[in-house]
Ligand SMILES: [Zn+2]
């Protein structure tokens, strides 16, 4: 690794510069007039911002001949994504998945490592080594983003992370000291929401809901292209939404709350009782196609999942719902029951919000963490004003 990583350029950019870059990164290449309109800038102001970026090569004109909506020739602008690299890491209770990405969050290099001891020093040592390896192979990074399940405070400290058994750990600060990189710490659902919104199934969707099912239930929200972030986002309140009055109770005593009726563990437990033998989750989803008892267990959970989608839509009015997570096979195995659950609580004149089911890898979450690092604010001395971040959600540690 280079002894003095060259990273300040991107993070030192004034906000108007980064507004232009963000827009082009999220929306893809567009003409100067479209870009000016999108950002509310005059042609002259836009030109002042883009000129140095074109000169430095960070921005470039898309080669070839292009015709705009009015039939006139136009020369769209695009970001040269290779100008900056970022590292993103997803940390679970026992593993770290890291990726070095370019500005478009394309994966250039990836590496993962087990977390054998959960104390902060050991985890930081694993992440530091991953960051060094990735930079040695792929070049110096401009920032490091880490996402984990739990409560992440604005200063990058972790209030509570159940899978790591952490409480009040000044994680971002210590990781920055260990790696000498600017560090962003994000709740993992926020990181996932960022990558889906910028480059995934939620691209171009102004108001978006992300739901995940697996070990528990996760929820991410984008309103007006802004990730809605809150220090309590990682505490999993949505998981306690009551869905099935006949369901078993969660650890807080809620009968049939989402955490229980939609968790892989509980669905497997229900199936074991009904079938008289234990069947792993993925096999159970397949078994539902031919065994009526398995079908009933799967349909009941899928119906509850549909209800949760309708509740989320009713309160937040998204244009799209993206469903993902380890347990997503439920919605694939029982689409009719999901549909019935969605219809059950919906006012009959409201159309169902479009749903997309996506399967994502751990590296995908890591890409989202890298976007959190891209959104770190410019250091105060380099900024002309506080940048208006589009995802809006990162946790700066400078
Ligand atoms: Zn509960």
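Values quoted throughout were computed directly from the atomic coordinates according to the rules given, and no laboratory measurement underlies them. Keep in mind it's a predicted model, so treat the numbers as computed, not measured. In this analysis, Cβ positions are derived from the backbone assuming ideal geometry, glycine residues included, and neighbour counts consider all displayed protein chains.
Computed quantities for the displayed model
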| item | result |
| --- | --- |
| 4 °C / 1.567 mPa s Stokes-Einstein diffusion coefficient of the chain, Kirkwood radius on C-alpha pairs, µm²/s | 58 |
| Ranked by how many other beta carbons lie within 10 Å on average, peptides 168-175, 313-320 from highest | 168-175, 313-320 |
| Degrees separating the helix 362-374 axis from the principal Cα axis of the chain, which is the longest one | 40 |
| Shape call, segment 18-60: gyration tensor on alpha carbons, a/c limit 1.5 | oblate |
| When the convex hull of its Cα atoms is projected in every direction, mean area for segment 204-357 (nm²) | 9.2 |
| Segment residue 319-residue 154, extension gain: residue separation times 0.36 nm, minus the distance between their alpha carbons | 56.5 nm |
| Counting DSSP beta bridges with both ends in segment 204-357, the antiparallel % (nearest 5) | 55 |
| Semi-axes of the equivalent ellipsoid for segment 1-144, Cα gyration tensor, largest first, Å | 37, 15, 13 |
| Segment 251-297-segment 97-176 distance, computed between alpha-carbon centres (Å) | 34 |
| Cα-based helix-to-principal-axis angle, 120-138 vs the chain, degrees rounded to 10 | 50 |
| Spread of Cα-to-Cα distances over 5 Å intervals beginning at zero, given as percent, for segment 8-82 | 3, 16, 29, 27, 17, 6, 2, 1, 0 |
| Tilt relative to the chain, helix 15-27 - C-alpha long axis, 0 to 90 degrees, to 10 | 50 |
| Three-way shape call for segment 163-224 based on the alpha-carbon gyration tensor, with the a/c threshold at 1.5 | oblate |
